[in-house]
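These notes are about the structure you will find just below.
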There are 2 protein chains.
Amino acid sequence: MSDKPEISNAEFEVLDVLWDDHPATSNEVISRLNDKKDWHEKTVKTLLGRLVKKEVLGFEKQQRQYLYYPLIAREDYTKKETASFVSRLFKGKITPMVAGFANQNSLSKQDISELKALIKEWEQNND
Amino acid sequence: MSDKPEISNAEFEVLDVLWDDHPATSNEVISRLNDKKDWHEKTVKTLLGRLVKKEVLGFEKQQRQYLYYPLIAREDYTKKETASFVSRLFKGKITPMVAGFANQNSLSKQDISELKALIKEWEQNND
DNA sequence: CTTTATTGATTACAGTTGTAGTCTATGTGT
DNA sequence: ACACATAGACTACAACTGTAATCAATAAAG
């Protein structure tokens, strides 16, 4: 198995818009990022290139432009990042993390019912 | 209010052992880290120095040695990091994060009952 | 007192990151 | 055909990181 690619913060933003919808040309990526970030066109292209080198993105040539697409799934990435985050900051226990989060970002009623549903589901599968 | 200090991964490990118990001399920090990491003494001292410069650690002189201690609370740090993590990777929603975590690191029965307790508590405070 | 060990301070140095600018080849308008 | 625009490739460069080694001051040991 291959080593986890290190994706920097700025690179992540680029990857994120490609997860939302792909494949996309660099210009599409640039314009979608314009809504959120204030990055120069060249900056985004550098990031795209770095992500390709890191084998996080792939591309196909379409005439003179490239069509970029993610090589790793968002779900896989977020799962691994979450596991390592929780492990580092909370000794691997999610509850304290949720507790701290709840205490700072007050949860909505909907969050709570979603969590309850999640727990119920877990209990049905593990009993 | 001051800007969030950026704490690197290696720096975090040093801060972490100081959160566990402080104040401590550099040698104490070094020896506690030896159990986990394989870092040269000089490396740890560099990291201590950087954390002091970043105003994450403070110290008092004790004869020729320094006694280091954290200037920021673990709770404050983890809360902020969690908020920004959840915001970046899960659009601010904890449930999908917990779901992904559950699906990868199967939760223990205890985790589940802790989560239920947390929810119950929330419901009592917010109704 | 003089040598030695130790502590923090300073310096080193390559790789990564944020943030672009320049170069080169190719498509486009006239 | 020819000048210009444009895409990606390559280059730039300072700050931050990981990972130490060297320097300078001082305490400890003989």
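The values are calculated or read from the model by the stated rules, or taken from the named source; none is laboratory data. Note that the structure is a prediction, hence the values are computed from the model and not measured. Glycine also receives a Cβ, built like all others from the backbone with ideal geometry; neighbour counts cover every protein chain displayed. Heavy atoms of the whole protein, side chains included, go into the accessibility calculation; ligands, DNA and RNA do not. Shrake-Rupley method; radii C 1.70, N 1.55, O 1.52, S 1.80 Å.
In the protein assembly as shown, a dipole from Cβ-located charges (positive for Lys and Arg, negative for Asp and Glu) runs towards its positive end, and of B:23, A:18, A:43 it is A:43 whose Cα lies farthest in that direction.
Region A:86-119 and region A:1-38 have Cα centres separated by 27 Å.
The charge dipole of region A:1-103, taken about its Cα centre with unit charges on the Cβ of Lys, Arg, Asp and Glu (plus for the first two, minus for the last two), comes to roughly 340 debye. Using a probe of 1.4 angstrom and keeping all protein chains present, the accessible surface of the protein assembly as shown works out to 62 square angstrom per residue. Close amide H contacts of residue A:92 (hydrogens built in the peptide plane, cut-off under 5 Å, sequence separation of 5 or more or a different chain): A:87. Under the shape rule built on the C-alpha gyration tensor, where the axes satisfy a ≥ b ≥ c, region B:75-125 is oblate, since a/c reaches at least 1.5 while a/b does not exceed b/c. Please give the average number of partner chain Cβ atoms lying within 10 Å of the Cβ of each residue in B:70-81, rounded to a whole number. That works out to 3 on average. Pairwise Cα distances in chain A exceed 25 Å in 44 percent of cases. Based on C-alpha pairs under 8 angstrom that are at least 6 apart in sequence, chain A has a relative contact order of 20 percent. Shape of the protein assembly as shown from the C-alpha gyration tensor: oblate (a/c of 1.5 or more and a/b not above b/c, with a ≥ b ≥ c the square roots of its eigenvalues). With a threshold of 30 Å on the Cα-Cα distance, the over-threshold entries among A:45/B:37; B:42/B:93; A:45/A:91; A:79/B:37; A:54/A:109; B:53/B:91 are A:45/B:37; B:42/B:93; A:45/A:91; A:54/A:109; B:53/B:91.
Where the only charges are on Cβ atoms (+1 Lys, Arg; -1 Asp, Glu), what is the dipole of region B:75-125 about its Cα centre, to the nearest 20 debye? Numbers along the way, then the final one.
Details: 8 positive and 7 negative charges, 52 e Å.
My answer is approximately 240 debye.
Placing +1 on each Lys and Arg Cβ and -1 on each Asp and Glu Cβ, with no other charges, gives the protein assembly as shown a dipole about its Cα centre of roughly 620 debye.
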